[in-house]
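S.K.: Structure provided below as structure tokens; questions to follow.
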Amino acid sequence: MKKRQDNRRNKAKAERRPEKRNTRPHDSRANKYEDNSAFEEGLQLEGRNPVLEALNHDKPIDKIIVKKGGIEGTLKVIVAKAREKGIIVQEVDKEKMALISKSNNNQGVVALCPAHEYCELSDIIANARAKNEDPFIILCDEITDPHNLGAIIRTADAVGAHGVVIPKRRAVGLTAIVSKTSAGALEFVPVARVTNMARTIDELKKENIWVACADMAGNDYFKSNLKGAIALVVGNEGSGVSELVKKKCDFTVGIPMYGSIDSLNASVSAGLIMYEVVRQRKFN
């Protein structure tokens, strides 16, 4: 692999330094899905024995929800095993557990399972290079609306992207709603789930993959160089890409707005920029 050319990166950053724009490539509405993934329709296991068996057999689990108070015996074992495996554990009160549970026999524990298994980031990169193609990866930073994530995955398949990356925390997982909204694309687009998005960007840079951030202050996306190995970061529906993640990116791209509104849905924004990548790769 060729040595990463830092001077090229620095030059590109200087050339692409964005001017203040009046655009917003993410949805500015209130984030009604904030930290609410437990309420989404999805696959879930209820009861101590089913959850413990799933943990013992390394079944994919997005999150384990336990009722506050009385975490002892089997519940204590479940919580310990989950944390050992890096699975998020959330404690809720009795009323919230009643809303989450789909049965009357949850025994104080519910496991939320993905509608599809996750892959590793390295698998996505390896798959692209096995096809002798420059990696094209979509990073979803704290996307919490399952319909947006499903639509992004669907478009990722349409443009031939090699995979999608989502964070473990403060983001929706591969729920049944995501699967349904993807219209079957989830069967063809690998999705990796990572602990830290900023570190993931560092890993991509080591693989000589450029990282573009969709941002309201970015340069016009159709004027930016999106050729070669590229990863596109798309932000949360309400606040966009987090500052920490944005600072890690090589450059920012924005969508010009010519009408009365100043924002687009996250999945629509992602789709526009994804197709610009395709245009530059295949038709320019």
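The values are calculated or read from the model by the stated rules, or taken from the named source; none is laboratory data. Keep in mind it's a predicted model, so treat the numbers as computed, not measured. Neighbour counts are summed over all protein chains in view; Cβ atoms, including those assigned to glycine, are modelled from backbone coordinates with ideal geometry.
S.K.: Identify all residues within the range 243-284 that are of a type in the set (A, V, I, L, M) and not in a helix (DSSP H, G or I); write none if there are none.
M.R.: Applying the first criterion (of a type in the set (A, V, I, L, M)) to the range 243-284 yields 244-245, 253, 255, 257, 261, 264, 266, 268, 270, 272-274, 277-278.
Once the filter is applied, which keeps residues that are of a type in the set (A, V, I, L, M) and not in a helix (DSSP H, G or I), the range 243-284 yields 253, 255, 257, 261, 264.
S.K.: Can you give me the number of residues within the range 170-185 that are part of a helix (DSSP H, G or I) and not charged (D, E, K, R)? Let's see the steps before the verdict.
M.R.: Here is the first cut: in the range 170-185, the ones part of a helix (DSSP H, G or I) are 176-181, 185.
Imposing the further condition that a residue be not charged (D, E, K, R) reduces the set to 176-179, 181, 185.
Count: 6.
S.K.: Go through the range 217-242 and give me each residue that's more than 19 Å from residue 121 (Cβ to Cβ) and assigned to a strand (DSSP E or B).
M.R.: 217, 218, 219, 220, 236, 240
S.K.: Which of the residues spanning the range 157-170 are touching a Ser or Thr at 6+ places or on another chain (Cβ under 9 Å) and either small (Gly, Ala, Ser) or crowded, with 24+ Cβ neighbours inside 10 Å (or both)? Reasoning before the result, please.
M.R.: Residues of the range 157-170 that are touching a Ser or Thr at 6+ places or on another chain (Cβ under 9 Å), as a first pass: 157, 161, 165, 167-170.
161, 165, listed by residue number.
S.K.: Return the residues of the range 130-141 that are charged (D, E, K, R) and either closer than 17 Å to residue 277 by Cβ or in contact with a Phe, Trp or Tyr (Cβ under 9 Å, 6 or more places away or on another chain) (or both); say none if nothing qualifies. Show your work before the answer.
M.R.: Step one: list which residues in the range 130-141 are charged (D, E, K, R), which gives 131, 133-134, 141.
Scanning the range 130-141 gives 131, 133, 134.
S.K.: For the range 174-210, give me each residue that is in contact with a Cys (Cβ under 7 Å, 6 or more places away or on another chain) and either modelled with pLDDT under 90 or surrounded by fewer than 21 Cβ atoms within 10 Å (Cβ to Cβ) (or both).
M.R.: 192 - this is the single residue of the range 174-210 that is in contact with a Cys (Cβ under 7 Å, 6 or more places away or on another chain) and either modelled with pLDDT under 90 or surrounded by fewer than 21 Cβ atoms within 10 Å (Cβ to Cβ) (or both).
S.K.: Here is a further query. Identify the single condition in (1) part of a strand (DSSP E or B); (2) more than 21 Å from residue 147 (Cβ to Cβ); (3) hydrophobic (A, V, I, L, M, F, W, C) that residue 214 does not satisfy, given that it satisfies every other one.
M.R.: (2)
One line per residue, one yes/no per condition, for (1) crowded, with 18+ Cβ neighbours inside 10 Å; (2) of a type in the set (A, V, I, L, M):
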| position | (1), (2) |
| --- | --- |
| 172 | yes, yes |
| 212 | yes, yes |
| 221 | yes, no |
| 244 | no, yes |
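S.K.: Of everything in the range 81-99, what is hydrophobic (A, V, I, L, M, F, W, C) and surrounded by fewer than 12 Cβ atoms within 10 Å (Cβ to Cβ)? Give them in sequence order.
M.R.: Let us first name the residues in the range 81-99 that are hydrophobic (A, V, I, L, M, F, W, C), namely 82, 87-89, 92, 97-99.
Listed by number, the list holds a single entry, 99.
S.K.: Restrict the check to the range 186-198 and report whether at least one residue is touching a His at 6+ places or on another chain (Cβ under 8 Å), assigned to a helix (DSSP H, G or I) and more than 12 Å from residue 139 (Cβ to Cβ). Give the steps one after another, and end with the answer.
M.R.: Start the filter on the range 186-198 by keeping residues that are touching a His at 6+ places or on another chain (Cβ under 8 Å), which leaves 186-187, 190-191.
Narrowing the set further to residues that are assigned to a helix (DSSP H, G or I) leaves 186-187.
Next cut, more than 12 Å from residue 139 (Cβ to Cβ) only: 186-187.
Checked against the condition, which is being touching a His at 6+ places or on another chain (Cβ under 8 Å), assigned to a helix (DSSP H, G or I) and more than 12 Å from residue 139 (Cβ to Cβ), the range 186-198 yields at least one hit.
S.K.: Somewhere in the range 231-243, is a residue in contact with a Lys or Arg (Cβ under 6 Å, 6 or more places away or on another chain), within 19 Å of residue 142 (Cα to Cα) and either in the same structural domain as residue 161 (by TED's automatic domain parsing) or hydrophobic (A, V, I, L, M, F, W, C) (or both)? Walk me through how you get there before you give the answer.
M.R.: Filtering the range 231-243 down to residues in contact with a Lys or Arg (Cβ under 6 Å, 6 or more places away or on another chain) leaves none.
Within the range 231-243, none of the residues are in contact with a Lys or Arg (Cβ under 6 Å, 6 or more places away or on another chain), within 19 Å of residue 142 (Cα to Cα) and either in the same structural domain as residue 161 (by TED's automatic domain parsing) or hydrophobic (A, V, I, L, M, F, W, C) (or both).
S.K.: Sticking with this one: Between 98, 82, 161, which is modelled with pLDDT of 95 or more and either in contact with a strand residue (DSSP E or B) (Cβ under 6 Å, 6 or more places away or on another chain) or among the aliphatic types (A, V, I, L, M) (or both)? Steps first, please.
M.R.: Values: 98 fails: modelled with pLDDT of 95 or more; 82 fails: modelled with pLDDT of 95 or more.
The match here is 161.
S.K.: Quick check on my filter: what residues within the range 100-141 are small (Gly, Ala, Ser), surrounded by 12 or more Cβ atoms within 10 Å (Cβ to Cβ) and touching a residue at least 24 places away in the same chain (Cβ under 8 Å)? Walk me through it before giving the result.
M.R.: Keep residues of the range 100-141 that are small (Gly, Ala, Ser), which gives 101, 103, 108, 111, 115, 122, 126, 128, 130.
Next cut, surrounded by 12 or more Cβ atoms within 10 Å (Cβ to Cβ) only: 101, 108, 111, 115, 126, 128.
Answer for the range 100-141, where residues must be small (Gly, Ala, Ser), surrounded by 12 or more Cβ atoms within 10 Å (Cβ to Cβ) and touching a residue at least 24 places away in the same chain (Cβ under 8 Å): 101, 108, 111, 115, 128.
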